[in-house]
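As structure tokens, the structure follows; a few thoughts come after it.
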Ligand code: NAD
Ligand code: LMR
């Protein structure tokens, strides 16, 4: 039996990440080769002409799974009946900035979007925030999306997981697919903690395979934490293809059962697991059964790990304080 189309909203669809993302969704890479999609491409008014070009190219691909495109600057039209809302649209940082420097510019975008999602989206809507600083933007969106359950909100730290795996594989001289169980904890920022203690290479704990502890504790952490800035320095623009790829990985990992006893990283609304304050949008190791997800319980954390996770959680609280005005306004 033919599946009915899923409606997928992508904000900032004429931007860099949007351009790397929407064609892959339309080709079936996110929801599978038998799942039709209707793309709702949301942009600000000045970007509508560029968005029209993206729509023309989508048409020119003649994708069998693409059953419609809704290009719009109107949030009510854009989020109408959507099953997934991929919130990419926002300003990226430039060299020399931290992601949280964007809060003043980007934070308010997620007020109206959260409200429109609550008003218009399908009852099963799930929301993935990519626009930075993504954890706190997700918090703002969730606050304003009255009635949408909290377990439907995600912020993207999968790019950090993928980066961490790539660095460990390179150091160990192994293929990246040998690296599993990579939990990124905390904020998508330089305080994030890619947990090399619990990660494995060919099933063995990383510190057993890579005995160079100073490299793990210093070079590895810094490289992953600063990778976004390094890409901006090299490219003159923030990561786009790898970010779009991580969006696809994130959604697939939530809608497909997690293989074996592995896990993946995504920021979700804390339920107090691992002592992290409930309500913060914090990155955790997550497992999915294809329909619902849960935070992987009981991972051992030593003093080194705990201190780093705590520092990142403190930063999330600081960011929350910076946007308190956007969080006190009634939802
Ligand atoms: P970009 O500037 O190329 O594109 C952003 C697009 O968003 C533009 O087309 C712009 O018109 C649109 N936009 C701006 N405000 C909007 C609004 N209110 N509604 C709808 N669209 C709006 O930027 P990009 O490189 O695509 O990056 C987008 C965001 O993703 C940035 O905030 C960037 O920092 C973030 N990012 C996050 C991760 C992550 O891992 N979480 C990775 C890479 C980039
Ligand atoms: C990234 O990690 O590449 C993105 O968050 C973009 C940035 O500003 O670093």
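The values are calculated or read from the model by the stated rules, or taken from the named source; none is laboratory data. In this text the structure is predicted, and so the values were computed from the model without any measurement. Glycine also receives a Cβ, built like all others from the backbone with ideal geometry; neighbour counts cover every protein chain displayed.
From the list 271, 261, pick out the single residue that is outside any helix (DSSP H, G or I), modelled with pLDDT of 95 or more and exposed (fewer than 12 other Cβ atoms within 10 Å of the Cβ).
Working: 271 fails: exposed (fewer than 12 other Cβ atoms within 10 Å of the Cβ).
Being outside any helix (DSSP H, G or I), modelled with pLDDT of 95 or more and exposed (fewer than 12 other Cβ atoms within 10 Å of the Cβ) holds for just one of 271, 261, which is 261.
Restricting attention to helices (runs of 4 or more DSSP H) lying wholly within the range 116-211, give those where 1 or more residues are assigned by the TED database to the domain that holds residue 309 and free of Cβ contacts under 8 Å to residues at least 40 places away in the same chain. Talk me through it step by step, then tell me what you get.
On the way: elements: 134-144, 158-172, 206-209.
Correct list: 158-172, 206-209.
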Looking at the range 228-241, is at least one residue buried (at least 20 other Cβ atoms within 10 Å of the Cβ) and free of Cβ contacts under 8 Å to residues at least 60 places away in the same chain? no
Sort out which residues of the range 107-121 are surrounded by fewer than 22 Cβ atoms within 10 Å (Cβ to Cβ) and farther than 14 Å from residue 86 by Cα, and write them in order of number. 108, 111, 112, 115, 118, 119, 120
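Listed here are the residues, each with its yes/no results for (1) within 16 Å of ligand 2 (Cβ to nearest atom); (2) within 15 Å of residue 267 (Cβ to Cβ).
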| residue | (1), (2) |
| --- | --- |
| 128 | yes, yes |
| 142 | no, yes |
| 147 | no, no |
| 150 | no, yes |
| 160 | yes, yes |
| 173 | no, no |
| 178 | no, no |
| 183 | no, yes |
Under the condition of being surrounded by fewer than 24 Cβ atoms within 10 Å (Cβ to Cβ) and touching a strand residue (DSSP E or B) at 6+ places or on another chain (Cβ under 7 Å), which residue from the range 1-25 is nearest to residue 245 (Cα to Cα)? 8
Identify, by number, the condition in (1) part of a helix (DSSP H, G or I); (2) surrounded by 17 or more Cβ atoms within 10 Å (Cβ to Cβ) that residue 217 doesn't meet. (2)
For residue 297, are the conditions met, namely being in a loop (DSSP other than H, G, I, E, B) and under 22 Å from residue 162 (Cα atoms)? yes
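Picking from 92, 46, which residue would you name as being closer than 26 Å to residue 134 by Cα, assigned to a helix (DSSP H, G or I) and within 10 Å of ligand 1 (Cβ to nearest atom)? Step through it out loud before you land on a result.
On the way: 92 fails: assigned to a helix (DSSP H, G or I).
Being closer than 26 Å to residue 134 by Cα, assigned to a helix (DSSP H, G or I) and within 10 Å of ligand 1 (Cβ to nearest atom) holds for just one of 92, 46, which is 46.
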